[in-house]
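Every number in this text was worked out from the coordinates using simple rules, so none of it is lab data. Just so it is clear, the model here is predicted, and its values are computed rather than measured. Heads up, the Cβs are rebuilt from the backbone with ideal geometry, glycines too, and the neighbour counts pull from every protein chain shown.
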Amino acid sequence: MITLYRAFLVLLALVAGLMMPEALGLPKDSQYTIGPGFLPLIMLGAIIVCCAILLLLDLKDKTNASVKKESIPKMLLYILATALLIFCMEHVGIVLSVAVYIFSVIFFVERHPVFTAAKVSIITSALIYAIFHVWLKVPMTICNFF
């Protein structure tokens with residue numbers, strides 16, 4: 001019998017595989033830096049490989065997983081927060097949206113202290129901005145309203 005965990009891994013690998021032709025169609029390099037297709041191709045490949053490894057490890061283990069009823073609200077909050085992140089990235093800005101998403105998930109969903117949530121959120125957002133905007137010269141704003 002296939003578990004929910006195994007079904008999720010197969011579904012995730014299939015979605016990544018379906019996105020692979022689009023990533024292959026993008027240029028992998030540009031004049032001075034990597035192209036827009038480099039990171040999606042690497043990330044999709046990593047997702048497929050990791051899903052395959054996790055599926056093999058799970059198949060080696062003979063136990064069946066199940067979803068506890070008390071974890072369903074947390075899962076719905078994750079889905080809602082991720083949907084809001086995708087919407088806000090377009091209309092608010094990538095860096096601010098990611099910062100609010102990380103803070104919200106750590107503080108409201110996982111129930112960690114506010115200082116820990118703020119620290120992780122700020123550091124992660126700063127690293128994303130530094131890597132993509134400063135180092136790779138990807139045009140992005142912290143917030144679209146300023």
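Under a cut-off of 17 Å between alpha-carbon atoms, report the lysines in cross-link reach of residue 137, not counting same-chain residues fewer than 8 places apart.
Straight-line reach from residue 137, under 17 Å: 28.
Given a Förster radius of 41 Å and the C-beta distance between residue 112 and residue 61 as r, what FRET efficiency does 1/(1 + (r/R0)^6) yield to the nearest 0.05?
About 0.90, to the nearest 0.05.
Okay, helix-only estimate at 222 nm for the chain: each DSSP H run of n ≥ 4 adds -39500 (n - 2.57), divide by all residues, round to 500 deg cm²/dmol; what do you get?
-21500 deg cm²/dmol
Over the stretch 68-146, what is the mean sequence separation of C-alpha contacts under 8 Å (at least six apart), divided by residue count, expressed as relative contact order in percent?
Value for the stretch 68-146: 34 percent.
Suppose every Lys and Arg Cβ carries +1 and every Asp and Glu Cβ carries -1, with no other charges. What dipole size does the stretch 68-146 come out with about its Cα centre, to the nearest 20 debye?
200
Using only C-alpha atoms and all pairs of different ones, pull out the Kirkwood radius for the chain in Å with one decimal.
Roughly 17.9 Å, rounded to one decimal.
If neighbour count is taken as other Cβ atoms inside 10 Å, put 69, 28 in order from fewest to most.
The order, fewest Cβ neighbours first, is 69, 28.
Per residue, how big is the convex hull of the stretch 68-146 when only Cα atoms are used? Give it in Å³.
94
Of 14, 35, 134, whose Cα points farthest to the positive end of the dipole of the chain (charges on the beta-carbon: +1 Lys, Arg; -1 Asp, Glu; origin at the Cα centre)?
Positive-end residue among those listed: 14.
Given contacts defined as C-alpha pairs under 8 Å and at least six residues apart, what's the relative contact order of the chain, whole-number percent?
Rounded, it is 20 percent for the chain.
Can you check what the Kirkwood hydrodynamic radius comes to for the stretch 1-66, Cα pairs only, in Å to one decimal?
Final number for the Kirkwood radius of the stretch 1-66 is 13.2 Å.
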